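Enquirer: Below you will find the structure I want to go over with you.
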Amino acid sequence: MDLFEYQGKQYFARFGIPTSAGGVADTVAEAVEQADLAGYPVVVKAQVKVGGRGKAGGIKLAGDAAAAAQAAEAILGMDIKGHVVRRLWIEHASDIAKEYYASFTLDRPAKLHLGMLSAAGGVEIEEVAATNPEAIARLHVNPVDGLDEATARRWVDEARLDGPARDEAARLLVRLYRCFVEGDCDLAEINPLILTTDGAVHALDAKVTLDENATFRHPEWGELAGGEAEDPREQMAKEKGLNYIGLDGSVGIIANGAGLAMSTLDVVNQVGGSAANFLDIGGGANAAVMSAALEVINADAKVRSILVNIFGGITRVDDVANGVIEALSQVEIRSPIVLRLDGTNAEAGRALLAPHLSARVLAEPTMLSAARRAVELAR
Ligand code: GDP
Ligand code: MN
């Protein structure tokens, strides 16, 4: 789950990472109120879950109430890379001496946490990595050891942050690491991390992605959800408790098991089609789950055919077939459906299904032939 900047800053604050005081505003009047509270000059910032707001005109400095109103007026409703601005964050403007970059993320191949720190902040880190890779000091942190201040201090030296920023930056990085670990983040990024003209170091921006697998130990995350519209298909799937990811293609996919679902996407791709989604219905595949899956796929206007790929292991294919038959009687599907049912009790399952087959409900013996048929039908 990605957080808005203001939520990221509130999250940082729990771990003692300094940010500028500010407030949110959804209207021009509220923006002026918040600006008055923050004290001028202020910075008026578009709250959208996409980077590069500054370049897009979504960040404006304002010296007085009239300018704040004007900035809010201009930014509210603005479209930034397809994200419409509905909310602003207003904070007291900082006097920037230097802009740095700092982040923690997971380095999967290394099986370690990866910190990235650079004295070249304010610009996109991908750009720095491409044009000036030696400007990024990388630090692998073993999660068992954690990050202590002495290590952080050496890291800050290596990144060549300016002298006056070093001690405070090291302390902040230890806190950022704690936020990353204890806060269960997939990403905790500050760009820019600034040194102010009076020698303070703080986070001017916040990009936080929370690891949703850890939701169970963070009851406080409940209030962070929502805000910006999710993919309506994903929202619907979430409400139905399905493991669904929306994609852009035209073949709706239902499979049991994440591995089989991913392989199904690959095979659809291999035969020249494109998947509309990833959907793993897990081991159960009963009528209720199958109905829920069909409903979500049905609601996707781009879907032209549906491929159901089930391999029965512990799950018995005759049970699955009954589930499919019941689901088809409950949900009126818009698109033709191709079924590939194999594995335990496959014969019995296919026999059950046979009387229900038609030009709109087809069976195929293999994953490859089923994918071919579904892709043809989607054309
Ligand atoms: P992003 O463009 O979406 O990454 O938004 P940021 O929050 O990183 O802001 C972009 C840029 O706006 C920063 O790199 C700063 O140069 C500038 N900016 C943001 N806040 C302030 C501020 O308080 N004072 C000043 N002088 N500039 C700011
Ligand atoms: Mn930024």
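The values are calculated or read from the model by the stated rules, or taken from the named source; none is laboratory data. The model shown is predicted, which means the values in this text are computed figures rather than measured ones. Positions of Cβ are generated from backbone atoms using ideal geometry, with glycine treated the same way; all protein chains shown enter the neighbour counts.
Enquirer: Identify all residues within region 95-144 that are hydroxyl-bearing (Ser, Thr, Tyr) and surrounded by 11 or more Cβ atoms within 10 Å (Cβ to Cβ); write none if there are none.
Expert: TYR100, TYR101, SER103, THR105, SER118, listed by residue number.
Enquirer: Within region 233-292, work out how many residues are part of a helix (DSSP H, G or I) and either surrounded by fewer than 18 Cβ atoms within 10 Å (Cβ to Cβ) or more than 19 Å from the chain's Cα centre (by Cα) (or both).
Expert: Count: 23.
Enquirer: Sticking with this one: Output the residues belonging to region 76-103 that are within 16 Å of ligand 2 (Cβ to nearest atom) and part of a strand (DSSP E or B).
Expert: ILE80, HIS83, LEU88, TRP89, GLU91, ILE96, LYS98, GLU99, TYR100, TYR101, ALA102, SER103
Enquirer: For region 128-220, which strands (runs of 3 or more DSSP E) that fit wholly inside it have 2 or more residues that are in contact (Cβ under 8 Å) with a residue 60 or more places away in the chain?
Expert: In region 128-220, the matching strands (runs of 3 or more DSSP E) lie at 185-196, 201-203, 207-210.
Enquirer: Across region 94-149, what is the number of residues that are farther than 20 Å from CYS185 by Cα and polar (S, T, N, Q)?
Expert: Within region 94-149, residues that are farther than 20 Å from CYS185 by Cα and polar (S, T, N, Q) number 4.
Enquirer: Take the residues in region 187-219 that are touching a helix residue (DSSP H, G or I) at 6+ places or on another chain (Cβ under 9 Å) and either of a type in the set (D, E, K, R) or in the same structural domain as LYS49 (by TED's automatic domain parsing) (or both); name whichever of them is surrounded by the fewest Cβ atoms within 10 Å (Cβ to Cβ).
Expert: Of everything passing the filter in region 187-219, GLU212 is surrounded by the fewest Cβ atoms within 10 Å (Cβ to Cβ).
Enquirer: Here is a check on your reading of the model: is GLY52 within 16 Å of ligand 2 (Cβ to nearest atom) and without any contact (Cβ under 8 Å) to a residue 40 or more places away in the chain?
Expert: Criteria not met by GLY52.
Listed here are the residues, each with its yes/no results for (1) assigned by TED's automatic domain parsing to the domain that holds GLY249; (2) in a helix (DSSP H, G or I); (3) buried (at least 20 other Cβ atoms within 10 Å of the Cβ).
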position	(1), (2), (3)
GLU295	yes, yes, no
ALA301	yes, no, no
ASN322	yes, yes, no
LEU339	yes, no, yes
ARG350	yes, yes, no
LEU353	yes, yes, yes
PRO365	yes, no, no
LEU368	yes, yes, no
